[in-house]
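The values are calculated or read from the model by the stated rules, or taken from the named source; none is laboratory data. These figures come from a predicted structure and were not determined experimentally. All Cβ positions, even for glycine, are placed from backbone atoms using ideal geometry, and neighbour counts span all protein chains on display.
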Amino acid sequence: MRNVLLPILLFDLLLCLLTSPSAADELPYPPGQSIQQIEGLKTVLVLPDDLDPEKPASLVLILHGAGGTATGMAASFAPWAKDRYVVCAPKAQDMTWEPDDLKRTLRIAAHLEGVLPIDPKKVHVVGFSNGGWNLHPLAFDDDLRPCSATWVAAGFRGGQVPKWAKTGLGALAMAGTEDPNCRSARGTVTVLRDKVRNVEVQVQEGLGHKYPRELVDYHRWWMGVQDGRITPGDDRGFDWTGDLEAAVASQASVKKGGVLVWLYTQGDAESEVARHIQRTALFDAQVRFLGRQIPCVKLDVTEDKAPVERLGVKTVPALVVLDRKGKVKKRYEGEFKVSKLARTLRGVAPRRTMPKQ
């Protein structure tokens with residue numbers, strides 16, 4: 001009897017394995033774009049084709065402008081799904097966002113985190129125009145705790161900011177120079193400075209009250225860095241060159257100057273030190289203001305170790321500040337205080353005081 005049952009049991013087990021649904025089949029929403037009714041709001045979702053519980057995705061939560069559509073906002077971010085972003089664009093019940101809509105949107109986010117493989121530490125919120133003016137209840141929600149918030153054609157006028165934002169939130173404001181809301185976008189930097197991990201404004205010249213399409217590529221890169229995705233050597237906050245000798249030579253005749261040098265390797269993608277440099281140090285407002293005044297050089301030392309030896313660096317990645325004669329003033333390796341880096345840069349930068357935004 002035992003010999004007869006064993007083949008049958010093995011066959012049933014094999015059949016079960018072959019016909020069991022895949023991880024994607026078990027998801028409540030299909031890959032690609034779909035329109036769903038969630039928490040009473042029409043919601044456009046764009047899911048990556050390769051969602052995998054072993055590799056949690058990021059979530060982008062988007063608020064449309066007055067009279068805008070969820071479909072239009074979702075379409076703007078749909079290409080991001082290829083980079084493992086779950087795109088979610090709810091539609092307000094009326095033309096503009098009301099408190100009840102925002103509460104429903106927060107519940108939508110919680111729902112998606114519960115039924116999809118989403119990393120709760122990689123949630124981003126974006127608001128355009130009226131959506132931007134109403135973004136703060138999402139940006140500063142103590143349960144959602146997004147890692148980034150982007151005000152588009154709008155800004156944050158001020159209000160209470162939770163303590164966790166100091167280390168947990170990156171903030172960006174984007175607008176056209178001809179947009180009446182550009183002033184508020186610029187003011188977001190002043191209002192949030194020292195209250196969030198980093199904050200900046202990006203503007204598109206000559207653009208009115210529209211989505212700044214020329215800034216999309218920067219926004220995509222910026223958002224990736226905020227949730228910890230880094231590409232070794234990829235920073236867009238400074239005008240980096242690869243010629244250390246030329247950078248030093250350019251400072252020979254100046255009264256006050258220096259050079260900022262960044263040493264990295266192609267193996268830095270998973271390095272916590274590299275994340276500290278690219279996500280925190282190079283985003284610091286003081287570091288950017290001071291560092292942009294002097295030549296900035298980035299050197300890939302994956303194979304060429306000569307710069308490492310010349311600058312006396314023991315571990316890579318690292319930042320090194322040189323004086324105007326090319327001598328090392330300070331090396332920053334491992335986990336370091338960004339305030340100390342800013343202090344060193346202040347000693348070589350021509351202008352010490354950062355102007356008001």
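Tally time: how many residues in segment 166-196 are basic (Lys, Arg) and at pLDDT below 95? It would help to see each step written out before you state the result.
Going through segment 166-196, the residues basic (Lys, Arg) turn out to be 166, 183, 186, 193, 195.
Still in the running and at pLDDT below 95: 193.
Adding up the residues that qualify gives 1.
Quick one: count up the residues across segment 310-354 that are of a type outside the set (D, E, K, R), part of a loop (DSSP other than H, G, I, E, B) and either surrounded by 14 or more Cβ atoms within 10 Å (Cβ to Cβ) or in contact (Cβ under 8 Å) with a residue 60 or more places away in the chain (or both). Write out each step before concluding.
Filtering segment 310-354 for residues of a type outside the set (D, E, K, R) gives 311-313, 315-322, 326, 328, 332, 334, 336, 338-339, 341-342, 344-345, 347-350, 353-354.
Retained after the next criterion (residues that are part of a loop (DSSP other than H, G, I, E, B)): 312-313, 315-317, 326, 334, 336, 347-350, 353-354.
Now drop any that are not either surrounded by 14 or more Cβ atoms within 10 Å (Cβ to Cβ) or in contact (Cβ under 8 Å) with a residue 60 or more places away in the chain (or both), which leaves 313, 316-317, 326, 334, 336, 347-350, 354.
Number satisfying all stated conditions: 11.
Let's see how each residue does on (1) touching a Ser or Thr at 6+ places or on another chain (Cβ under 7 Å); (2) farther than 12 Å from Lys298 by Cα; (3) of a type in the set (Lys, Arg):
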| position | (1), (2), (3) |
| --- | --- |
| Arg220 | no, yes, yes |
| Asp239 | no, no, no |
| Ala246 | no, yes, no |
| Ala252 | no, yes, no |
| Leu263 | no, no, no |
| Ala274 | no, yes, no |
| Ala281 | no, yes, no |
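Run Gly176 past the list (1) under 18 Å from Val126 (Cβ atoms); (2) surrounded by fewer than 16 Cβ atoms within 10 Å (Cβ to Cβ); (3) touching a His at 6+ places or on another chain (Cβ under 9 Å) and report the number of the one that doesn't hold.
Of (1) under 18 Å from Val126 (Cβ atoms); (2) surrounded by fewer than 16 Cβ atoms within 10 Å (Cβ to Cβ); (3) touching a His at 6+ places or on another chain (Cβ under 9 Å), only one is false for Gly176: (2).
Kindly indicate whether Thr150 is part of a helix (DSSP H, G or I) and either in contact with a Ser or Thr (Cβ under 8 Å, 6 or more places away or on another chain) or not hydrophobic (A, V, I, L, M, F, W, C) (or both).
Values: part of a helix (DSSP H, G or I): no; either in contact with a Ser or Thr (Cβ under 8 Å, 6 or more places away or on another chain) or not hydrophobic (A, V, I, L, M, F, W, C) (or both): yes.
So Thr150 does not fit the description; no.
Applying the selection to segment 162-191, what residues are under 15 Å from Thr150 (Cα atoms), in a loop (DSSP other than H, G, I, E, B) and either within 20 Å of the chain's Cα centre (by Cα) or among the hydrophobic types (A, V, I, L, M, F, W, C) (or both)?
Leu169
Filter segment 231-269 down to the residues that are in contact with a Gly (Cβ under 8 Å, 6 or more places away or on another chain) and aliphatic (A, V, I, L, M), then identify the one that is nearest to Val199 (Cα to Cα).
Out of the qualifying residues, it is Leu260.
Can you spot a residue in segment 257-273 that is among the acidic types (Asp, Glu), over 23 Å from Gly65 (Cβ atoms) and crowded, with 19+ Cβ neighbours inside 10 Å? Don't jump to the end; show me each part of the working.
Initially, segment 257-273 is screened for residues among the acidic types (Asp, Glu), giving 268, 270, 272.
Among the residues that remain, those that are also over 23 Å from Gly65 (Cβ atoms) are: 268, 270, 272.
Subset that is crowded, with 19+ Cβ neighbours inside 10 Å: 268.
Looking through segment 257-273, at least one residue is among the acidic types (Asp, Glu), over 23 Å from Gly65 (Cβ atoms) and crowded, with 19+ Cβ neighbours inside 10 Å.
Just for strands (runs of 3 or more DSSP E) wholly inside segment 18-133: which have at least 2 residues that are among the basic types (Lys, Arg) and at pLDDT 95 or above?
Where strands (runs of 3 or more DSSP E) fall fully within segment 18-133 and carry at least 2 residues being among the basic types (Lys, Arg) and at pLDDT 95 or above, they are 118-128.
Taking the residues in segment 99-121 that are over 15 Å from Ile62 (Cα atoms) and of a type in the set (D, E, K, R) as candidates, determine which candidate is farthest from the chain's Cα centre (by Cα).
Taking segment 99-121 and keeping what is over 15 Å from Ile62 (Cα atoms), we get 99-100, 111, 113-121.
Filter once more, so that each one left must be of a type in the set (D, E, K, R): 100, 113, 119, 121.
Working: Asp100: 28, Glu113: 19, Asp119: 14, Lys121: 12 Å.
Out of the qualifying residues, it is Asp100.
Mind checking which residues of segment 320-357 are within 26 Å of the chain's Cα centre (by Cα) and closer than 11 Å to Gln286 by Cα?
Val338, Ser339, Lys340, Leu341, Ala342, Arg343, Leu345, Met354, Pro355
Between Ala165, Ala171, Ala185, which is touching a residue at least 12 places away in the same chain (Cβ under 8 Å), over 17 Å from Asp284 (Cβ atoms) and outside the structural domain of Val338 (by TED's automatic domain parsing)?
Details: Ala165 fails: over 17 Å from Asp284 (Cβ atoms); Ala171 fails: over 17 Å from Asp284 (Cβ atoms).
So the residue among Ala165, Ala171, Ala185 that is touching a residue at least 12 places away in the same chain (Cβ under 8 Å), over 17 Å from Asp284 (Cβ atoms) and outside the structural domain of Val338 (by TED's automatic domain parsing) is Ala185.
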